[in-house]
Amino acid sequence: MKKTAEGQETRAAATPAPGGSGLSRAAGSTGAQDEQHGTRNRVARSILDHGPSTAAELALRLELTQAAVRRHLDSLLGEGVVEPREKRVYGSRGRGRPAKIFALTDCGRDAFDQDYDRLAADALRWIARSAGGGERGEAAVADFARARVADQAERYRHALERVPPEERTRALAEALTQDGYAATARSAPASAGDTPGRSSGGEQLCQHHCPVAHTAEQFPQLCEAETEVFSRLLGTHVQRLATIAHGDGVCTTFIPQTLPPQSAGSPLDGPASTTSNATTSTTSTTSNATTASPANTAGRNPA
């Protein structure tokens, strides 16, 4: 009988180390598991390289027994990496059921190296060059980043409108998690950047994964646009403390607990603008002074 790679790895796993201790046996078991995992990856890679395949075709290409291939296929099926399909038969069909073929799922394809990061970075560089480069190019990339998160922001807005204000950070974390950001919300002490008297603490929104981290490392406008969206959705100024794109382990955003006073309207419309209030106050003072002027009491139009 032919000794296959699969047979060798199975026997190696079953044979105890001569006079070995429990540690030696554990090490051998771990090595066998790694080897099994490596063989499983070879099966998935073969399907990627050659297209949907039968167990017999995989066994022939990888020099394994069909029984060994089927064991690995069962594991890959359980993980959602491959899916079974009926093999299409052309011409006259023989007796018996057609052979079953196995194809990679979208999840299975995503497990292999993709070039999405470079594609995204190339597209953003093209946008910057097309806008003229320099400050114009950076502004064009920022406009793209804001447009990109606009659809997400609208979906998040609906989620936040269904909960009271004190639960909006948690609701935002749940919405981000559904988009692949693995986000959590937790209470946090006051940030060093807080204005005294404005906040006695708050919450931290933590994103443990960032699908665009490598691209955001080159184009920080993506992070800035996201931070702006958080501020508008939560109705307060927020402070980005750390980002994965800059080498931190987690993207962390601080949300103050005590929200600044808001003008009429929903907090989801965004934080009140202190610049606008200051301008209104200045205009009002100027108008009062002008009205009190003797020249204007003579009937002169202030405009």
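Results for (1) in contact (Cβ under 8 Å) with a residue 24 or more places away in the chain; (2) under 29 Å from GLY80 (Cβ atoms), shown as yes or no for each residue.
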residue: THR105; (1), (2): yes, yes
residue: ALA111; (1), (2): yes, yes
residue: ASP115; (1), (2): no, yes
residue: ALA121; (1), (2): yes, no
residue: ALA131; (1), (2): no, no
residue: ALA145; (1), (2): yes, no
residue: GLN152; (1), (2): yes, yes
residue: PRO165; (1), (2): yes, no
residue: THR169; (1), (2): yes, no
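Can you find a residue that is open to solvent by less than 70 Å² (accessible area, probe 1.4 Å), touching a Phe, Trp or Tyr at 6+ places or on another chain (Cβ under 7 Å), part of a helix (DSSP H, G or I) and at pLDDT 70 or above anywhere in the stretch 48-67?
Yes, because at least one residue in the stretch 48-67 is open to solvent by less than 70 Å² (accessible area, probe 1.4 Å), touching a Phe, Trp or Tyr at 6+ places or on another chain (Cβ under 7 Å), part of a helix (DSSP H, G or I) and at pLDDT 70 or above.
Among the residues that make up the stretch 205-215, is at least one of them over 15 Å from the mean Cα position of the chain (by Cα) and either polar (S, T, N, Q) or open to solvent by 20 Å² or more (accessible area, probe 1.4 Å) (or both)?
No; the residues of the stretch 205-215 include none that is over 15 Å from the mean Cα position of the chain (by Cα) and either polar (S, T, N, Q) or open to solvent by 20 Å² or more (accessible area, probe 1.4 Å) (or both).
Looking at this structure, is PRO98 at pLDDT below 85 and on the phi < 0 side of the Ramachandran plot? Steps first, answer last, please.
Details: at pLDDT below 85: yes; on the phi < 0 side of the Ramachandran plot: yes.
When the stated conditions are applied, PRO98 passes them.
Answer yes if at least one residue in the stretch 77-89 is in a helix (DSSP H, G or I) and at pLDDT below 95, and no otherwise. Spell out how you get there, then give the answer.
Of the stretch 77-89, the ones in a helix (DSSP H, G or I) are 77-78.
Of the ones still in play, those that are also at pLDDT below 95 are 77-78.
Checked the stretch 77-89: at least one residue is in a helix (DSSP H, G or I) and at pLDDT below 95.
Can we say GLY108 is among the small types (Gly, Ala, Ser) and not in a helix (DSSP H, G or I)?
Details: among the small types (Gly, Ala, Ser): yes; not in a helix (DSSP H, G or I): no.
Against the criterion (among the small types (Gly, Ala, Ser) and not in a helix (DSSP H, G or I)), GLY108 does not qualify.
Filter the stretch 216-236 for residues that are farther than 20 Å from ALA175 by Cα and either without any contact (Cβ under 8 Å) to a residue 40 or more places away in the chain or β-branched (Val, Ile, Thr) (or both); which is most open to solvent (accessible area, probe 1.4 Å)? Outline the logic, then answer.
Residues of the stretch 216-236 that are farther than 20 Å from ALA175 by Cα, as a first pass: 216-221.
Next, from what is left, pick out any that are either without any contact (Cβ under 8 Å) to a residue 40 or more places away in the chain or β-branched (Val, Ile, Thr) (or both): 216-217, 220.
Values: ALA216: 2, GLU217: 118, PRO220: 50 Å².
Here the answer is GLU217.
From the list ALA121, ALA147, ALA159, ALA185, pick out the single residue that is within 25 Å of PHE219 (Cβ to Cβ) and open to solvent by less than 60 Å² (accessible area, probe 1.4 Å).
Values: ALA147 fails: open to solvent by less than 60 Å² (accessible area, probe 1.4 Å); ALA159 fails: within 25 Å of PHE219 (Cβ to Cβ); ALA185 fails: within 25 Å of PHE219 (Cβ to Cβ).
Answer to the selection: ALA121.
I want to confirm something. Restricting to the stretch 176-199 and keeping residues that are small (Gly, Ala, Ser), touching a His at 6+ places or on another chain (Cβ under 9 Å) and in a loop (DSSP other than H, G, I, E, B), which single residue is modelled with the highest pLDDT?
The initial filter retains those residues of the stretch 176-199 that are small (Gly, Ala, Ser), namely 180, 182-183, 185, 187-188, 190-193, 197, 199.
Next cut, touching a His at 6+ places or on another chain (Cβ under 9 Å) only: 180, 182-183.
When the remaining residues are screened for being in a loop (DSSP other than H, G, I, E, B), the result is 180, 182.
Numbers: GLY180: 88, ALA182: 91.
Among residues in the stretch 176-199 that are small (Gly, Ala, Ser), touching a His at 6+ places or on another chain (Cβ under 9 Å) and in a loop (DSSP other than H, G, I, E, B), the one modelled with the highest pLDDT is ALA182.
The values are calculated or read from the model by the stated rules, or taken from the named source; none is laboratory data. All values reported here derive from a predicted model rather than from experimental measurement. Cβ: placed from backbone, ideal geometry, glycine included. Neighbour counts: every protein chain shown. Side chains are part of the model used for accessible areas, which takes the heavy atoms of the whole protein and leaves out ligands, DNA and RNA. Shrake-Rupley method; radii C 1.70, N 1.55, O 1.52, S 1.80 Å.
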